[in-house]
Each structure stands twice: as C-alpha cells, then as structure tokens.
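One structure is given below, encoded as structure tokens.
The values are calculated or read from the model by the stated rules, or taken from the named source; none is laboratory data. On a predicted model such as this, the values are computed, not experimentally measured, just so you know. As a convention, Cβ positions derive from the backbone with ideal geometry for all residues, glycine included, and neighbour counts pool all protein chains shown. Remember, those area values only see protein heavy atoms, side chains included, never the ligands or the DNA or RNA. Shrake-Rupley method; radii C 1.70, N 1.55, O 1.52, S 1.80 Å.
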Amino acid sequence: MRNLPDLDAVVIGAGVVGLAIARTFARAGRKVVVLEAEDRIGSHSSSRNSEVIHAGIYYPSGTLKGRLCVEGKAALYRYCDAKGIAHSRLGKLIVAARDEEVGVLQNLKLQAESNGVDDLRWLDRQEVYDLEPEVACVRALLSPSTGIVDSHGLLTALCRDAKDAGADVVVSSAVSSGCARSDGIVLSGGTAEPFRVLCQTVVNAAGLSAQSLARAIEGLPADTVPPAFLAKGHYFAFAGRSPFSRLIYPVPQPGGLGIHLTLDLAGRARFGPDVLWVDRVDYQFEEGRRRAFVDAIRQYFPKLNAESIEPDYTGIRPKLGPAGSPPQDFVVHGPETHGVRGLVNLYGIESPGLTAALALAELVHTMVG
C-alpha cells in the first residue's frame, strides 16, 4: 500500500459532471486530482445517452433538475460556442398522438414556463406537417432551445480545460473506501498498485457507483445514502437517411421521456431509450426489444418499416426510486446534510445531468467554499 502525498481536492469520477467540477475547482485555484476507475474518461452514462441539450421542460418547480437544467443549458451553449464543440440547436417536437394526450402537453407547457422556459410554441396538425411531414399527431409543442451536442467532444474539452488549469486526471484508479477524520478524508483504492491518500475535499461524482462508494466511507452516516436503482435503456439506429430534421418526443412515460427520436450531428437518426429495470451494470443489448420499439415509434411515425431499425447501443441511468415510483430529483449532499467536513456526494445524476453539468459544478463549488 503506497501512502501518497496529501491532496487538496479529489473528484471521484471522470464523467461529464466530474470533469466539469474539476474544471471549476481548478480554475478557482484549487489543486485537483480526478480519480477514474475505468481506463478512459466518460465511459458510462456520459457517453451512453441521447446527447441532448435539454430545455428544462419536464422537471417540477423548485427542484435542482428544473433550476440547473435551465442554468446549465445556457452555460453549455456558451461553452460549446467558446470551445468549438460540435453542437446544434435544432429544436424538438413533443407530440400528442391522441386527443387525450393534449392535456399532458398543456401541463408540460405550464411546467416549462414555471421553470423559466418561455419559448415553447403550440403547433396544430398542419403546422407539424409543414415542419415534419412524417410525424403523425393531433398537436405538438415546439421547443426551439433543445439541441444536441457531441458528448465526446464535450468530455475532451472539459478534461483539457481542467488540465490546463492545473488539474490531474488519473484513469484506472478506482477508489474502494474512505475514512472521515478530523484532519481530512483518507481515500484508499487502486488494484495493481494500492494507494492511500489524505484529502481536504472529496467530491463523489461516481455516477452509477456513487452510493456504493458513499457506503464505503467510514464516518458517513448510512441513513444519508439514498437507495440505488438502475434503469437500462436500449437504442435502435435508423437505417438510411433520416426523415426528420428535429428531435421527436412522445409524451413522457413512466421511468423516462418515452422512446423518442434523436439525431446525431451527422444527421443519423436513432430511437430510444426504453426502460428496463436491472440489478447490475451490464451493457449487453437485450434480445426481443424490437417489437415494443416498433409499436411505440409507430404512434408518431406510422410509416416506420420494422426492418429499418437495428440494435445500436445501451445506457444505464442511476435512479433513486424503483419501478413505478415518481421521478426523483438530483440529490447533492454536503457537510450540512451528513456532517463530514469537505465531502460532497452526488446521487441520481441522470438526465438532464449532461445539460446541467456546468451548473452542477458551480453548485458543488459553492457548497465546499
């Protein structure tokens, strides 16, 4: 076991949120080390998602998701412009396939306005047809500020910025446990080369592993660690040229936003994610998902040929409630919650975590001073 020199600040997890936090800390003059368990940055939720810049429509008023999504969206667009990160503010349609779904859209519009999103526009059937002729619906909401981003380009830029400001990013360095002491927090980890290091500030941004890591920190009250659940999402790629120029979303479904259509920056279309509750991290594409996808997609794209979609990839979302539970907010615990000086734990950072990353970083920085 190697005893490393004492560290000022350690961020555990080199996903988009962890790297955004490291960048913010380093730019503020903190000496930061990022410890990533995998052999590369952003290998889990940060690179296995829809790559959408969300507007801030769905999240209840007063929640961290609602506030940080709106703040993060503005910050992310500015950051992408400044750093030359590929992105596109192409907009999205949220569609009511049936009359009984129009009320859901009305509630979404009210919620969006409560969150400060005031650019949603009602479209009738003809107006939708004029924009997206292949979409079938009775009404829709147009969200012009929704966009897409190259998540790998974003990860690379955040990592580069953090390093340029003096941070170190160390991969293949899993943290296995910790101990809160009066002089700081001791972290232990490593596989081939086990290590122990004393830190003044620790940010647990471990994503899918955040709860298991928190439970391994001696001195952290166990009742402050929320339960962890995992929801796998599958994505199917659309073969050929996309018939759409915007993102197309159905009304939200339990556990997610419904099987929607997104575009990448090359214009390729994909559908997903669905929601499959699992008990471990496993990115294998489950057989037998096509039929459910086709049925869902045909609600708003009735001309879909079932053979035109092929399995693409999967992602896993960290959930704080089980199947059937209401949507949960981000949970960010600092010393005022758990009593451990210098420790911040982030739990349940699912969508819109990528959009909110820069705003989350500012929040965490404020919490630790």
(message) I'd like the distance between the alpha-carbon centres of segment 316-369 and segment 106-125, rounded to an integer number of Å.
(response) 26
(message) If the only charges are +1 at each Lys and Arg Cβ and -1 at each Asp and Glu Cβ, what is the size of the charge dipole of segment 180-312 around the Cα centre, to the nearest 20 debye?
(response) 480
(request) Quick one: grab the alpha carbon gyration tensor of segment 106-230, order the square roots of its eigenvalues as a ≥ b ≥ c, and give me rounded if a/c is under 1.5, else prolate or oblate depending on whether a/b is larger than b/c. (result) prolate
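Within the chain, which whole H helices from DSSP have a Cα span along their axis of at least 15 Å and a mean Kyte-Doolittle hydropathy of -1.0 or more, if any?
Details: long enough: 16-27 (16 Å, 1.23); 64-83 (26 Å, -0.26); 102-114 (18 Å, 0.19); 151-164 (19 Å, -0.21); 353-368 (22 Å, 1.51).
Span-like helices, by this rule, are 16-27, 64-83, 102-114, 151-164, 353-368.
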(request) Report the label-to-label distance for LEU4 and ARG121 in nanometres (one decimal), using points 7 Å from each Cα along the Cα→Cβ vector. (result) 5.2
(request) Treating only the Cβ atoms of Lys and Arg (+1) and Asp and Glu (-1) as charged, compute the dipole magnitude of the chain about its Cα centre; round to the nearest 20 debye. (result) 260
(message) Going by amide H atoms built from the backbone, whose H comes under 5 Å of the H on LEU230, apart from near neighbours?
(response) VAL278, LYS319
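Please state the shape class of segment 14-75: rounded when a/c is under 1.5, otherwise prolate if a/b exceeds b/c and oblate if not, all from the C-alpha gyration tensor.
Taking the square roots of the gyration eigenvalues as a ≥ b ≥ c, segment 14-75 is oblate.
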(request) Using Cα positions and a limit of under 20 Å, work out the aspartates and glutamates in reach of LYS31, with same-chain residues fewer than 8 apart set aside. (result) ASP6, ASP8, ASP161, ASP164, ASP168, ASP183, GLU362
(request) Using the charge dipole of the chain (Lys, Arg: +1 at Cβ; Asp, Glu: -1 at Cβ; taken about the Cα centre), state which of CYS199, PHE285, ALA82 has its Cα farthest towards the positive end. (result) ALA82
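Let me know the longest stretch in the chain that avoids all GluC sites (Glu not before Pro) found in a DSSP loop with at most 13 other C-beta atoms within 10 Å.
On the way: sites that count: GLU286, GLU287.
Excluding the exposed sites themselves, the longest stretch runs over 1-285.
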(message) Using 0.36 nm times the number of residues separating PHE195 and ARG40, minus their current alpha carbon distance, what extension gain do you get?
(response) 53.9 nm
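Calculate, for segment 97-168, the solvent-accessible area per residue in square angstrom, rolling a 1.4 angstrom probe over the heavy atoms of the protein chains. The partial results should precede the final answer.
On the way: 3380 Å² over 72 residues.
Value returned for segment 97-168: 47 Å² of accessible area per residue.
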(message) What distance in nm separates the two pseudo spin-label positions at GLU134 and ARG78, each 7 Å out from Cα along the beta-carbon direction?
(response) 3.7
(message) Using the basic label-point model (7 angstrom from Cα toward the beta carbon), what is the GLN106 to ASP282 distance in nanometres?
(response) 4.5
(request) Please work out the C-alpha center-to-center distance from segment 263-288 to segment 179-257 and express it in whole Å. (result) 18
(message) Quick check for me: using +1 on Lys/Arg Cβ and -1 on Asp/Glu Cβ, what's the dipole size of segment 3-90 about its Cα centre, in debye to the nearest 20?
(response) 380
(message) If you filter segment 169-256 for trypsin sites (Lys or Arg not before Pro), then keep DSSP loop positions with at most 16 other Cβ within 10 Å, what is left?
(response) ARG241
(request) Scan [x] 132; [y] 164; [z] 150 for the value of volume of the Cα convex hull per residue in Å³ calculated from this model and give just the label. (result) [x]
(request) Of the listed pairs LYS232/LYS319; LYS65/LYS232; LYS73/LYS232; LYS109/LYS303, which have alpha-carbon separations greater than 18 Å here? (result) LYS65/LYS232; LYS73/LYS232; LYS109/LYS303
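How much of the DSSP bridge set in the chain is antiparallel, in percent, rounded to the nearest 5?
Working: 48 of 70 bridges.
Looking only at bridges with both residues in the chain, the antiparallel portion is about 70 percent.
Would you mind giving the three semi-axes, in whole Å and largest first, of the ellipsoid equivalent to segment 231-369 according to its Cα gyration tensor?
34, 17, 13
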(request) Tabulate in residue order the Karplus-calculated ³J(HN,Hα) for segment 6-13, using 6.51 cos²θ - 1.76 cosθ + 1.60 with θ = phi - 60°, rounded to whole Hz; enter x for Gly and Pro. (result) 4, 10, 6, 9, 10, 10, 9, x
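Mind checking the full-extension length gain between THR63 and GLU310? Use 0.36 nm per residue of separation minus the Cα-Cα distance, one decimal, nm. Numbers along the way, then the final one.
Values: separation 247, 0.36 × 247 = 88.92 nm, distance 3.67 nm.
So the chain would gain 85.3 nm between THR63 and GLU310.
Leaving ligands, DNA and RNA out of it, report the carbon-plus-sulfur percent of the accessible area of the chain at a 1.4 Å probe. Each step should come with its number before you reach the end.
On the way: 7720 of 15510 Å².
Ligands and nucleic acids excluded, carbon and sulfur give 50 percent.
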(request) Please label the shape of segment 216-306 as rounded, prolate or oblate, based on the square roots a ≥ b ≥ c of the eigenvalues of the alpha-carbon gyration tensor (a/c under 1.5 means rounded; beyond that, a/b larger than b/c means prolate, else oblate). (result) prolate
(request) Determine the sum of side-chain charges near SER88: Lys and Arg each +1, Asp and Glu each -1, restricted to other residues whose C-beta is under 11 angstrom from that of SER88. (result) -1
(request) Leaving out ligands and nucleic acids, note down the accessible area per residue over segment 243-361 with a 1.4 angstrom probe, in whole Å². (result) 42
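Over segment 1-150, what is the percentage of antiparallel beta bridges among all DSSP beta bridges, to the nearest 5? If you can, show how the numbers build up before the last one.
Details: 13 of 17 bridges.
Around 75 percent antiparallel, to the nearest 5.
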